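Trainee: This is the structure, below, for whatever I ask next.
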Amino acid sequence: MIFSSPSFLWALGLLGIPIIIHLFQFRRYRQIKFSDISLLKQVQTQSHTQNQLKHLLILLMRVLTLALVVLAFAEPIIPASMSSDIDDSPVIAILIDNTLSMQNEVENSNLLKQAQQDAYQIIESYGNETKFQLLTHDLAPESRRVFNAQGIIKAIDQVEFTTKTLTPSELWKHHQSQKIEHDYTKSILYYLSDFNFPTDSLETVADSNTAIRLVQYRGDFNKNISIDSAWVSEPLIQVGVPFKLNLTISNHGQTLVQDQIIEISTPNQMLGSINLNLEANSSIDTHLILTFPEPRPYLVAISTDDVPISFDNEYYVAIKPKKDIRVAEIRGTSTKVKAFEKLFDDEGVAYQFFNEKSIIQDSLSETNLLILNDIEDWSSGLLSIIQNTLNEGYNVLITLPEGVTKTSQELISEEFKVDFKGWRNDTIDANELTTQDIVFDEVFESVPKDLNFPRVHGYHSVGGNQLEGLINLYNGDVLVSVIPSANGRLYIIPTSLDDANTNFRNHALFVPTVFNMALRSGVEQPLSYSTSTKVVSVNKIESEAPRLRHLTTDRTYNVGKAFRGISLSGLELLQGFYELGDADRESINLAFNLDRNESQLTNLSDQEIITMLQSASNDVQLYAAIEIETSSNLAMADMNTELWYWFILSAFILLMGETILIKLLKS
């Protein structure tokens, strides 16, 4: 047995106090006149002897009680080397939070560096023979190894900020898996973090063989400005046409920020700037009017100046204005309906039509919307044109007149899995819209209860497993439906748009519905993606090994192919602009931004942290960073057998015994 705080042993000198009191009982005696006491002499002698023994026993109890209390304050322990085999000692797991919120600073150093210094202090406390593990939010390969003291110090030296943010649940599961993989039972997990994340419910059974030691950091800065998002209001950005680039800027601090400059630029040109005043703990939406003169990608960076948390000072968007929307109509020889020609007779739309007998296929390349209007006699060549358009990622709309031949119905049914149930001469109103579909995007702020729906007088009743109704009739049939096909979408209106069969072409829903079919055609790239995005949708990729190149650092990523796009799973992307290269197609530009989860400065409270982790372990303790810096005996309580509470318990028992003896003496 040794003492962790031997300096308290000087107090053992106080044991002389109760002895002195016992030897010199400074008590006053009162004289009481009494009759002859000779008969009581023998009784008095016996009582005096008994009382002396009781007083000596009380003195012994008092001395022992005081001695035990002093020894308890000296923190007696049995060292691990004396109490157990070294192989049974716990593994020390050090979890360092290297997320971006740890950029906050304290005493001219960021929190990550302070956490690294504290990790060194922890290692020094446990010594060279201890086994260690290192965990970080990026779960680097080092997180699957067991180190000695020198090895883990080298690994901690290499820890850098990561864009990944794992929840405590995910980190805890990884630690548990490592215990199984490396076949050790006991562990002590030091979690060094600013705990700048929402509370996380750890749905797990408490591990009685793992102790958790939490070390919390607080940065000196209580403000942070972040550029959170950018978007455009217009569904189509056209060359030479002004549009509004909207921005959301947030102040995560506790005070008003004045004259915060937001700059908008491309690599070669400053586009403009905005001067903002931001209230405490608030967000503001603002905008800048931009015009792009050419149909090419514009790489736009929105930036501001703010320290020390700087990862959210930039936001990147890639904008490619279109010269026009391309619409082609193949018109049946017997139709007189020209609804589409009138609809797309608009600036910004390149419209062309062909008779079904005189189609120029080369003119149909990159057509946003291909319309087949009232064609009665279908051919395999026509189906091939439709399939090519869908494969390129563009949309097709077909209207089916009453006279479409049986053979044509069979071709359509075989190619697109559409079931023809017969022509119906019924007058039926529509009664339902699938408003969440993109063809109704921005058509309604909210759907009115008394909405006037279109009506049909004759139509083909169609169905199919892949067919989704967009405008549905009262009887369950569809007026407008869609089939996702290849990379595009196939829209079906199962009737001719003449007045004898439907009033749809004259209805208020006709223009936005059909126009959105053209506008939302192809795989439209968002202005930006999150670096945590798993799949990016792009038009057909022929290459088996597409590559993603970061334009600033020239770093290249090999990406996998996914349905209608590329897979980014397992990649830790930098934020900024990228070029997606494919040997068989023109490269496209993409923008990626880091998640803004770490922009908040709302650290969890001490009680929230402990409560969150109590379900994982029965032994959870919270330290302030300063306690780690000043402590040289962290390992004492965790690696050795503590005896102080046994000393306190023994002192309490002796104190109770003394009390009982005193009562017996008085009686």
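The values are calculated or read from the model by the stated rules, or taken from the named source; none is laboratory data. Since the model is a prediction, treat every value here as computed from it, not as a measurement. Glycine also receives a Cβ, built like all others from the backbone with ideal geometry; neighbour counts cover every protein chain displayed. When the accessible area is computed, the model is the full protein with side chains, heavy atoms only, and any ligands, DNA or RNA have been set aside. Shrake-Rupley method; radii C 1.70, N 1.55, O 1.52, S 1.80 Å.
Trainee: Which of the following residues is surrounded by 13 or more Cβ atoms within 10 Å (Cβ to Cβ), over 25 Å from Asp595 (Cα atoms), in contact with a Leu (Cβ under 9 Å, 6 or more places away or on another chain) and of a type outside the set (S, T, N, Q): Leu299, Leu290?
Mentor: Numbers: Leu299 fails: over 25 Å from Asp595 (Cα atoms).
Being surrounded by 13 or more Cβ atoms within 10 Å (Cβ to Cβ), over 25 Å from Asp595 (Cα atoms), in contact with a Leu (Cβ under 9 Å, 6 or more places away or on another chain) and of a type outside the set (S, T, N, Q) holds for just one of Leu299, Leu290, which is Leu290.
Trainee: Hey, can you tell me all the residues within the stretch 347-378 that are part of a loop (DSSP other than H, G, I, E, B), closer than 17 Å to Gln238 by Cα and touching a Phe, Trp or Tyr at 6+ places or on another chain (Cβ under 9 Å)? Walk me through how you get there before you give the answer.
Mentor: From the stretch 347-378, those part of a loop (DSSP other than H, G, I, E, B) are 347-348, 356-360, 365-368, 374-378; that's our starting set.
Still in the list and also closer than 17 Å to Gln238 by Cα: 347-348, 366-368.
If the condition is that a residue be part of a loop (DSSP other than H, G, I, E, B), closer than 17 Å to Gln238 by Cα and touching a Phe, Trp or Tyr at 6+ places or on another chain (Cβ under 9 Å), then Glu366, Thr367, Asn368 are the ones that fit.
Trainee: Kindly indicate whether any position in the stretch 431-443 is in a strand (DSSP E or B), crowded, with 18+ Cβ neighbours inside 10 Å and either aliphatic (A, V, I, L, M) or under 47 Å from the mean Cα position of the chain (by Cα) (or both).
Mentor: Of all residues in the stretch 431-443, those in a strand (DSSP E or B) come to 431-433.
Those still in the list that are crowded, with 18+ Cβ neighbours inside 10 Å too: 433.
Then drop every residue that is not either aliphatic (A, V, I, L, M) or under 47 Å from the mean Cα position of the chain (by Cα) (or both), which leaves 433.
Yes, there is a match, as at least one residue in the stretch 431-443 is in a strand (DSSP E or B), crowded, with 18+ Cβ neighbours inside 10 Å and either aliphatic (A, V, I, L, M) or under 47 Å from the mean Cα position of the chain (by Cα) (or both).
Trainee: Going through Asp157, Asp138, Asp194 one at a time, which residue ends up being surrounded by 21 or more Cβ atoms within 10 Å (Cβ to Cβ) and among the charged types (D, E, K, R)? Step through it out loud before you land on a result.
Mentor: Working: Asp157 fails: surrounded by 21 or more Cβ atoms within 10 Å (Cβ to Cβ); Asp138 fails: surrounded by 21 or more Cβ atoms within 10 Å (Cβ to Cβ).
None of the other options fit; the residue is Asp194.
Trainee: Please work out which residue is farthest from the chain's Cα centre (by Cα), limiting yourself to the stretch 409-422 and to residues that are surrounded by fewer than 17 Cβ atoms within 10 Å (Cβ to Cβ) and within 13 Å of Asp477 (Cβ to Cβ).
Mentor: The qualifying residue farthest from the chain's Cα centre (by Cα) is Gly422.
Trainee: Hand me the list of strands (runs of 3 or more DSSP E) wholly inside the stretch 553-665 holding 3 or more residues that are at pLDDT 85 or above and under 24 Å from Ser208 (Cβ atoms).
Mentor: Values: elements: 556-558, 560-562, 565-567, 576-582, 585-593, 619-624.
Passing ranges, in order: 619-624.
Trainee: What pairs come out if I take residues in the stretch 153-168 that are within 22 Å of Phe195 (Cα to Cα) and pair them with residues that are in a helix (DSSP H, G or I) whose C-beta lies under 6 Å away, six or more apart or interchain?
Mentor: Ile156/Gln116; Ile156/Ala119; Phe161/Leu100; Thr165/Asn597
Trainee: Can Thr99 be described as within 27 Å of Thr531 (Cβ to Cβ), touching a Leu at 6+ places or on another chain (Cβ under 8 Å), among the hydroxyl-bearing types (Ser, Thr, Tyr) and modelled with pLDDT of 80 or more?
Mentor: On the way: within 27 Å of Thr531 (Cβ to Cβ): yes; touching a Leu at 6+ places or on another chain (Cβ under 8 Å): no; among the hydroxyl-bearing types (Ser, Thr, Tyr): yes; modelled with pLDDT of 80 or more: yes.
No, not satisfied.
Trainee: Please determine whether any residue of the stretch 392-408 is in a strand (DSSP E or B), at pLDDT 95 or above and open to solvent by 80 Å² or more (accessible area, probe 1.4 Å).
Mentor: no
Trainee: Can you go through Lys179, Lys173 and tell me which one is modelled with pLDDT under 95, over 18 Å from Ile609 (Cα atoms), outside any strand (DSSP E or B) and basic (Lys, Arg)? So that I can check it myself, show each step before the final result.
Mentor: Values: Lys173 fails: over 18 Å from Ile609 (Cα atoms).
Matching residue, one of Lys179, Lys173: Lys179.
Trainee: Touching a residue at least 12 places away in the same chain (Cβ under 8 Å), part of a strand (DSSP E or B), within 23 Å of Gln178 (Cα to Cα) and not basic (Lys, Arg): does that describe Gln133?
Mentor: Values: touching a residue at least 12 places away in the same chain (Cβ under 8 Å): yes; part of a strand (DSSP E or B): yes; within 23 Å of Gln178 (Cα to Cα): yes; not basic (Lys, Arg): yes.
So Gln133 fits the description; yes.
Trainee: Also: Can you tell me which residue is most open to solvent (accessible area, probe 1.4 Å) among those in the stretch 273-287 that are touching a residue at least 24 places away in the same chain (Cβ under 8 Å) and over 22 Å from Pro308 (Cβ atoms)? It would help to see each step written out before you state the result.
Mentor: Taking the stretch 273-287 first, the residues touching a residue at least 24 places away in the same chain (Cβ under 8 Å) are 274, 276, 278-287.
Now narrow it down to the ones that are over 22 Å from Pro308 (Cβ atoms): 274, 284-287.
On the way: Ile274: 21, Ile284: 57, Asp285: 104, Thr286: 24, His287: 85 Å².
Looking at the filtered set, the residue picked out is Asp285.
Trainee: Still on this model: Is it the case that some residue within the stretch 331-349 is farther than 26 Å from Phe577 by Cβ, basic (Lys, Arg) and surrounded by 17 or more Cβ atoms within 10 Å (Cβ to Cβ)? Don't jump to the end; show me each part of the working.
Mentor: Taking the stretch 331-349 first, the residues farther than 26 Å from Phe577 by Cβ are 331-349.
Subsequent filtering for residues that are basic (Lys, Arg) retains 331, 336, 338, 342.
Going one step further and asking which of them are surrounded by 17 or more Cβ atoms within 10 Å (Cβ to Cβ), we end up with 331.
Yes, the conditions are met somewhere in the stretch 331-349.
Trainee: While we're here: When only residues in the stretch 356-387 that are modelled with pLDDT of 90 or more and among the charged types (D, E, K, R) count, which is least open to solvent (accessible area, probe 1.4 Å)?
Mentor: Asp374
Trainee: Mind counting the residues in the stretch 229-272 that are aliphatic (A, V, I, L, M) and either exposed (fewer than 14 other Cβ atoms within 10 Å of the Cβ) or not in a strand (DSSP E or B) (or both)? Quick ask: steps written out before the conclusion?
Mentor: Kept after step one, since they are aliphatic (A, V, I, L, M), are these residues of the stretch 229-272: 230, 232, 236-237, 239, 241, 245, 247, 249, 256-257, 261-262, 264, 270-271.
If we keep only those that are either exposed (fewer than 14 other Cβ atoms within 10 Å of the Cβ) or not in a strand (DSSP E or B) (or both) as well, we get 236-237, 239, 241, 256, 261, 270.
Total satisfying the criteria: 7.
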